[in-house]
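Coordinate-derived values only; no laboratory data. What you see is a predicted model; the values in this text were computed from it and never measured. Methodologically, a virtual Cβ is constructed for each residue, glycine included, from the backbone with ideal geometry; neighbour enumeration extends over all protein chains shown.
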Amino acid sequence: MSVRLKISTVGSSGKSLVFLHGWGMNSGVWQSLIDILKDQFCITTIDLPGYGLNHQQLPVPYNLQNISTVVAEHLPANCTLIGWSLGGLVAQQIANSHPEKLKQLVLICSSPKFSRSTDWPGIDPKVLDFFTQQLELDFSKMIVRFLAIQAMGSENARQDAKTIKQALQKYPLPSSVALAEGLKLLQDTDLREQFKTLLMPCQVFLSHFDTLVPEKIAPIIQQLNPKVTIDLISDAAHAPFISNTEDFAKRLVESLV
């Protein structure tokens, strides 16, 4: 598969941290966190295929395995891979398919399965169906609604949504293919069996006000893999690294192996 991605690396020669953003977003969402961490770590950000600087780079077919293979080819050796939301699904797939690449896996408001089912709390499938319908009608309105949901419950929800929107506007718009197929990944992906057999340390950050990845999954995740460490952020929503940047940076640093 010949898909070359643009990546960005900043910071010192410390531990190598790689950040993967969520659905509809791009690497700009990490900027405030990078500003805090760049003097301690070597930080790489990768726009997922179809997003940001890589909006024209699309593996065919556009599925989780191919996305993960492409991203894995660009990872520095022995890195800590940090995935937020949909980026966490990609990170988990890489941890399963290319464990030799990773020193540690960190998931931010992400889980092995996003769609709600009888045995799993998650996003109501009707919400994902609604996003899919809105995507076909008006991408801009749909993104605004999605930003509002991500920030809902945060003390500074309006400002958080504005910050994410500003980050989006600094990069090219995502590919319609990546957006549509990304929603399908959130709807259909189930990595619970793979999650049970992770070979590297895994840190999971969950937020109390997150309506997309609810905190009630915490005990279920630990049942799947008792080695996983979970940190619950009590006053944040789906993007704690934006609403609680300094506190999140401290928690992240403390969690690194």
- What lysines could a cross-link reach from LYS250, if we take a straight Cα to Cα line under 22 Å and drop same-chain neighbours fewer than 8 places away? LYS15, LYS38, LYS103, LYS227
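Output the peptides 27-37, 107-117 sorted from most to least packed, where packing is the average of other Cβ atoms within 10 Å over each peptide's residues.
Numbers: 27-37: 19.6, 107-117: 22.5.
Peptide ranking by packing, descending: 107-117, 27-37.
Would you order VAL127, VAL70 from fewest to most other beta-carbon atoms within 10 Å of each residue's own beta-carbon?
Details: VAL127 18, VAL70 22.
Lowest to highest Cβ neighbour count: VAL127, VAL70.
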- Who wins for biggest fluctuation among GLY88, GLY52, GLY122 in a Gaussian network model of the chain, springs between alpha carbons below 10 Å? GLY122
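Note down the relative contact order for the chain as a percent, whole number, built from C-alpha pairs under 8 angstrom at least six residues apart.
22 percent
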- Residue-averaged [θ]222 nm for the chain, counting only DSSP H segments that reach four residues, each worth -39500 (n - 2.57): -12000 deg cm²/dmol
- Note on the structure: Proxy exposure order for VAL10, VAL3 (fewest C-beta within 10 Å first) is VAL10, VAL3
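Treat the count of other C-beta atoms within 10 Å as a stand-in for reagent exposure and order ARG158, ARG192 from fewest to most. Intermediate values should be presented prior to the final figure.
Numbers: ARG158 10, ARG192 16.
Result, fewest neighbours first: ARG158, ARG192.
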